Amino acid sequence: MRLGIDFDNTLADFVALLQRITRERTGFEMVGLRDRYPNVDDLEPIIHEAVGKERFEAFMTEIGETDLTLQMEPRPGAVEVARRLAAQHELVVLTARNDRETRAVERWAERHGIPIAGIVGTDRQPKASHAIEHGLSIHLDDTASVLEAFDEAHPTVPALIAHPMNAKSPRAAHWRSVEDWLAFERLVAALAAERR
């Protein structure tokens, strides 16, 4: 099978790096904000007020377009499970990043010894059509809103991995929810068995 895997906050921990850089460069502590403001839409204005909108957006761009991406830690279990999955399936990183930003993703995967069959950057566009175009059997993502376009008729199985940023997000009945990478590995094995 061809497996689609999101990069930021699914394979690699974008939020942790963003929190660290924001704290180091501005002194503003983002850790724990999600607990105080359960609606993620409420967070952006608070962060922009504390740090400055342009400055914060510059941090986001810098992480995406420079070697700062290489400083991202893998999500727990991601590297080990991705390597095992790659031994049996093709892994395609399906990310909202643009072409400039995907170069760092490729180097990150190489650094962590994760064999990937390809990287598809959607340039912030919806992922559902790209999943069809690249023949993905399943797509793992941390962002619930990304999976909304994967309706029940979509040929790609949408899977949402648990992340603090999506803890309170609504989920469609046909999505598969997985707590962690080990649970995703079990889901892939179950889907592969169904297709035999």
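The values are calculated or read from the model by the stated rules, or taken from the named source; none is laboratory data. The model shown is predicted, which means the values in this text are computed figures rather than measured ones. Methodologically, a virtual Cβ is constructed for each residue, glycine included, from the backbone with ideal geometry; neighbour enumeration extends over all protein chains shown. Surface areas here come from the heavy atoms of the whole protein model, side chains and all, with no ligands, DNA or RNA. Shrake-Rupley method; radii C 1.70, N 1.55, O 1.52, S 1.80 Å.
General observations
- Members of segment 24-49 that are at pLDDT 90 or above, assigned to a helix (DSSP H, G or I) and of a type outside the set (Asp, Glu): ARG25, THR26
- The residues of segment 120-136 that are under 13 Å from the mean Cα position of the chain (by Cα) and open to solvent by 50 Å² or more (accessible area, probe 1.4 Å) amount to a single one, ARG124.
- Residue within segment 92-112 that is open to solvent by 10 Å² or more (accessible area, probe 1.4 Å) and within 21 Å of TRP175 (Cα to Cα) present: yes
- Count of residues meeting criterion [touching a strand residue (DSSP E or B) at 6+ places or on another chain (Cβ under 8 Å) and of a type in the set (Phe, Trp, Tyr)] in segment 12-35: 1
- Flag for THR61 being in a helix (DSSP H, G or I), under 16 Å from GLY121 (Cα atoms) and open to solvent by 10 Å² or more (accessible area, probe 1.4 Å): yes
- Candidates in segment 65-76 are the residues that are in contact with an Asp or Glu (Cβ under 9 Å, 6 or more places away or on another chain), at pLDDT 90 or above and not in a loop (DSSP other than H, G, I, E, B); of these, the one that is most open to solvent (accessible area, probe 1.4 Å) is PRO74.
- Filtered residue count, segment 1-23, keeping only those that are part of a loop (DSSP other than H, G, I, E, B) and open to solvent by 20 Å² or more (accessible area, probe 1.4 Å): 2
- Listed by first and then second residue, the pairs linking a residue in segment 127-147 that is farther than 19 Å from ALA189 by Cβ and part of a helix (DSSP H, G or I) to a residue that is open to solvent by less than 40 Å² (accessible area, probe 1.4 Å) and hydrophobic (A, V, I, L, M, F, W, C), with Cβ atoms under 7 Å apart and 6 or more places separating them unless they lie on different chains, are ALA128/PHE150; HIS130/LEU94; HIS130/VAL120; ALA131/LEU94; ALA144/LEU160; LEU147/LEU160; LEU147/TRP175.
- Consider segment 77-115 and keep the residues that are assigned to a loop (DSSP other than H, G, I, E, B) and among the polar types (S, T, N, Q). The one that is nearest to VAL146 (Cα to Cα) is ASN98.
- Hits in segment 77-89 - residues which are touching a residue at least 60 places away in the same chain (Cβ under 8 Å) and surrounded by fewer than 18 Cβ atoms within 10 Å (Cβ to Cβ): GLY77, GLU80, ARG84, GLN88, HIS89
- Flag for ALA159 being within 20 Å of ARG84 (Cα to Cα), part of a helix (DSSP H, G or I) and either modelled with pLDDT under 95 or aliphatic (A, V, I, L, M) (or both): no
- Within segment 137-169, tally of residues that are open to solvent by 20 Å² or more (accessible area, probe 1.4 Å), farther than 20 Å from MET30 by Cβ and of a type in the set (D, E, K, R): 3
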